[in-house]
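Trainee: Structure below; questions to follow.
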Amino acid sequence: MAQSKVTTTFVELSAQIRRFVSRIVLPDDVEDIVQETFVKSYEADLKQDIKYTHSYMLKTAKNLALNHVAKWDNKHNNSLDTGDDYQQHLKSMQLEDEVTSKERFLLFCRATEQLSQPVRKCFILKKVYGLSQKEIAKQMNLSESTVEKHIAKGLLKSMQYMQQQEQTSADHEHRSVTTRRVGK
């Protein structure tokens, strides 16, 4: 059984088609494009007589490669569009985190306002400015033991205040949501 003109041409051109296609698509896709070139050319030859098989195959390979690149580009542009959504979501989350952080800082400031003057000063020098107990004791003219107690007291009272405020806020939010549900 004699080989068709397309099969003979493909055997002769396959190396050239590979080199040509490799300049357009990624290396992993070259073999698929080359095989598809043969299939498309063979199918076309079954439907009609291809006069210039050599040119037809090269043109088919080129079109398949360009279509492949266009599909890849469209696919990745769409994923970039969703990437914009992702970026917007990240910005939104960052904004929420920033607001939450500022709210917590304000809550911390209110908590420290509730402390007595010496406890507040020791606590802030330790937690905000990062001074050692020894440095604080020297600066405030107190014993290290007293500084340690003031810091512990400041931490305990501040934590209790912040937890109480957060619980009150959560309770208020819960009541607000419940009221809206009941009201509907």
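The values are calculated or read from the model by the stated rules, or taken from the named source; none is laboratory data. In this text the structure is predicted, and so the values were computed from the model without any measurement. Methodologically, a virtual Cβ is constructed for each residue, glycine included, from the backbone with ideal geometry; neighbour enumeration extends over all protein chains shown. The area values use the complete protein model at the heavy-atom level, side chains included, leaving out ligands, DNA and RNA. Shrake-Rupley method; radii C 1.70, N 1.55, O 1.52, S 1.80 Å.
Trainee: Determine the gain in length on full extension of the stretch T8-L26; use 0.36 nm per residue of separation and subtract their C-alpha separation, reporting nm with one decimal.
Mentor: 3.8 nm
Trainee: Could you do me a favour and compute the accessible area per residue for region 91-139, 1.4 Å probe, result in Å²?
Mentor: For region 91-139, the per-residue accessible area is 74 Å².
Trainee: If we count every other residue with Cβ under 13 angstrom of K5's Cβ, Lys/Arg +1 and Asp/Glu -1, where does the sum land?
Mentor: Every neighbour counted, the sum reads -2.
Trainee: I've got another one for you. Distance in nm between label sites at Q117 and K71, each 7 Å beyond Cα in the beta-carbon direction?
Mentor: Here the modelled spin labels are 7.9 nm apart.
Trainee: Let me cross-check K102: its accessible surface, 1.4 Å probe, with only protein heavy atoms counted, in Å² to the nearest 10?
Mentor: Here the residue's solvent-accessible area equals roughly 120 Å².
Trainee: So for each of 56-65, 4-13 I average, over its residues, the number of other beta carbons within 10 Å; can you give me the resulting order with the highest mean first?
Mentor: 56-65, 4-13
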